[in-house]
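The values are calculated or read from the model by the stated rules, or taken from the named source; none is laboratory data. Fair warning: this is a prediction, and the values are worked out from it, not measured in the lab. Positions of Cβ are backbone-derived with ideal geometry, glycine not excepted, and every protein chain shown enters the neighbour counts.
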Amino acid sequence: MENLFVIDSTTNEGTSKSIFINSEADFIQQGKITKLELSEDNKFYMVNFTNKAGQSLKYDKRYYLPKDKSEYADEEKYKKAVQIFLSNMANLGRKFKGEDYKVEGSSALDVALKVISAVKPLLNKEIFAFFELEKKDKGIFPNLGSFSPFGNIKEELMVKINTKQKELLEEKRNYKTSPDSDGTAVSFNETPKPTDDLPF
């Protein structure tokens, strides 16, 4: 018979180790980037963030590099994908190397490698991160912002808390659980497994 009265490595102290968004104040959190690396296939880079309370994302945020130019419907869509990628790389690099940080590469991968190499030794610096709520099939979950989520001061990220985010927060507050199609309760506070959905 199992002994229920055991404290071991599986014992939860009652505090969450995952980042949650329960109020507008939670959208912007101070802490450190604790993971920054390229995927094995070089298609995206992974970022994780740990706040001052020691809470982090359950799953890494993925930021995709632009695909090959031939895979886009037209040149404008390709240029938009490149611009989004470069904006996120600039946001990351400048928060650690200074606002005048510049880098040039022969490809998106080359730029990503250079920025990650420059930033990784400096990750002990505390910064602010913007988190956004994302609505998935099984609930509403927090993740790092999709576009330029890092700041040196809290105020520069406040503008990212838009009406859509406020509405998702209100929906999350009002519906803590919702029955799945099979009748099983699905928590709106859990974090989903990462998907391969591209942000552009």
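Which of the residues belonging to segment 64-108 are within 29 Å of LEU123 (Cα to Cα), surrounded by fewer than 17 Cβ atoms within 10 Å (Cβ to Cβ) and of a type in the set (S, T, N, Q)?
If the condition is that a residue be within 29 Å of LEU123 (Cα to Cα), surrounded by fewer than 17 Cβ atoms within 10 Å (Cβ to Cβ) and of a type in the set (S, T, N, Q), then GLN83, SER87, ASN91, SER106, SER107 are the ones that fit.
Taking into account only those residues within segment 69-103 that are among the small types (Gly, Ala, Ser) and part of a helix (DSSP H, G or I), which is nearest to LEU36 (Cα to Cα)?
GLY93
Tell me which residues, restricted to segment 27-45, are of a type in the set (Lys, Arg) and under 12 Å from the mean Cα position of the chain (by Cα).
LYS35
Being assigned to a helix (DSSP H, G or I), modelled with pLDDT of 95 or more and more than 17 Å from LYS43 (Cβ to Cβ) is the requirement here; does SER106 meet it?
no
Exactly one of these conditions fails for ILE7: (1) surrounded by fewer than 18 Cβ atoms within 10 Å (Cβ to Cβ); (2) assigned to a helix (DSSP H, G or I). Give me its number.
(2)
Can you find even one residue in segment 106-116 that is without any contact (Cβ under 8 Å) to a residue 40 or more places away in the chain, among the hydrophobic types (A, V, I, L, M, F, W, C), touching a helix residue (DSSP H, G or I) at 6+ places or on another chain (Cβ under 8 Å) and within 25 Å of GLN165 (Cα to Cα)?
no
Determine, yes or no, whether ALA129 is within 13 Å of LEU36 (Cβ to Cβ), of a type in the set (A, V, I, L, M, F, W, C), out of contact with any Asp or Glu (no Cβ under 6 Å at 6 or more places or on another chain) and not in a helix (DSSP H, G or I).
The answer is yes for ALA129.
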